[in-house]
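To start, the structure itself, in structure tokens.
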Amino acid sequence: MALQVIDLTTHVGSEIRTDVATLVNGTEAQNIRAILERRGIIFFRGLDISDEQQVLIAKTLGNIVESEGEGGVYKVSLDRGVNQRADYLKGSLFWHFDGSLQPYPNLAGILRAISLSDVGGQTEFCNTYTAYEELPDEDKRAIADLRVVHSAERSQYYVRPEMSYEEIAFWQQSPGHTCPLVWTHKSGRKSLLLGATADYVVGLPVEQSRALLARLRDWSTQPRFVYRHEWQPGDLLIWSNTGTMHRALPYPEDSGRLMHRTVLAGEEPMN
Ligand code: OGA
Ligand code: MN
């Protein structure tokens, strides 16, 4: 079945209408990848997709990361009874991309809404290609060669502003990772690399570094670059993790919100 693509905002987000068989057999996979790169996030609504089908669909689009979750499906929940790493996942309420500490950040994330919160819990996405492209030339010149150190510790300050020494020591066990601020992709296009793990700009005084990272985040997440997904049960959403940042809007930990996530492995380093 052919794809019907409905763009939701100017720069980011499209709904794609098709059927489960088309997604599982992969006949439109190339096309879907191209739309994903162009639109940043895509979703499929009203299809009755199982965990097994979610993984099959993911495999038509790339290589899945098997190490998280079971059978390629990881449970995203802020409830410790459901996910032991719920505290770490609270970092997902702040703008970020996944895998900033890896040499190859994930290509894409796939979320399927199993159960939703009565309040909050929408997910927002911003297009970091467009955010770069629309920067004033003066900014592009000023940031062209800057590098940023990302750390797990930094993102935890958003979750727990007054961490104990032991907590800080724990998060510092994960080594920091230095990335360019401007990522030049294999395609030649450029995007901004920011987010909650972005700790400091190498070589800048701390105040300037913090101010620049905040200014670029504000720029990238202004409404015209953002799509907010209002979930319906069963929605299958795929985001390009190399060309967007995302965050969940706050929701109660005990709301029962549960997403099943499958991750596509990164295909290019950040350089
Ligand atoms: C993620 C994530 C956001 C959400 O799974 O990487 O950030 O809305 N999820 O649950
Ligand atoms: Mn995330």
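The values are calculated or read from the model by the stated rules, or taken from the named source; none is laboratory data. All of these numbers come straight from a predicted model, not from anything done at the bench. So basically every Cβ, Gly included, is an ideal-geometry build from the backbone, and we count neighbours across all protein chains shown. Ligands, DNA and RNA are stripped out before the accessible areas are found, and what is left, the full protein with its side chains, is counted by its heavy atoms. Shrake-Rupley method; radii C 1.70, N 1.55, O 1.52, S 1.80 Å.
Data for the structure
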quantity: GNM result for the chain, Cα springs below 10 Å: residue of Arg160, Arg17, Arg257 fluctuating most strongly; calculated: Arg160
quantity: Cut-off 14 Å between beta-carbons: net charge of the residues surrounding Ala169, Lys and Arg +1, Asp and Glu -1; calculated: -2
quantity: Per-residue ³J(HN,Hα) for the range 147-162, Karplus 6.51 cos²θ - 1.76 cosθ + 1.60, θ = phi - 60°, Hz, x for Gly and Pro; calculated: 10, 10, 8, 9, 8, 5, 4, 4, 5, 6, 5, 5, 7, 9, x, 10
quantity: Cα long-axis angle, helix 206-220 against the chain (0 to 90 degrees, to the nearest 10); calculated: 30
quantity: Size of electric dipole in the range 126-191: Cβ of Lys, Arg +1 and of Asp, Glu -1, about Cα centre, debye, nearest 20; calculated: 320
quantity: Amide proton proximity set for Ala196, modelled H, under 5 Å, gap of 5+; calculated: His96, Phe97
quantity: Size of charge dipole - the range 143-271 - debye, nearest 20, with Cβ of Lys, Arg +1 and Asp, Glu -1, no other charges; calculated: 560
quantity: 1.4 Å probe accessible area per residue over the range 167-257, in Å²; calculated: 47
quantity: Surface share of carbon and sulfur [accessible, 1.4 angstrom probe, percent] for the range 1-93; calculated: 46
quantity: Rounded to 10°, Cα long-axis angle of helix 51-61 versus longest principal axis of the chain; calculated: 70
quantity: Lysine-lysine proximity count for the chain, Cα under 21 Å, sequence distance 8 or more or distinct chains; calculated: 4
quantity: Per residue accessible area of the range 20-133, 1.4 Å probe, in Å²; calculated: 44
quantity: Summed residue charge, Cβ within 13 Å of Val73's Cβ, Lys/Arg positive, Asp/Glu negative; calculated: -1
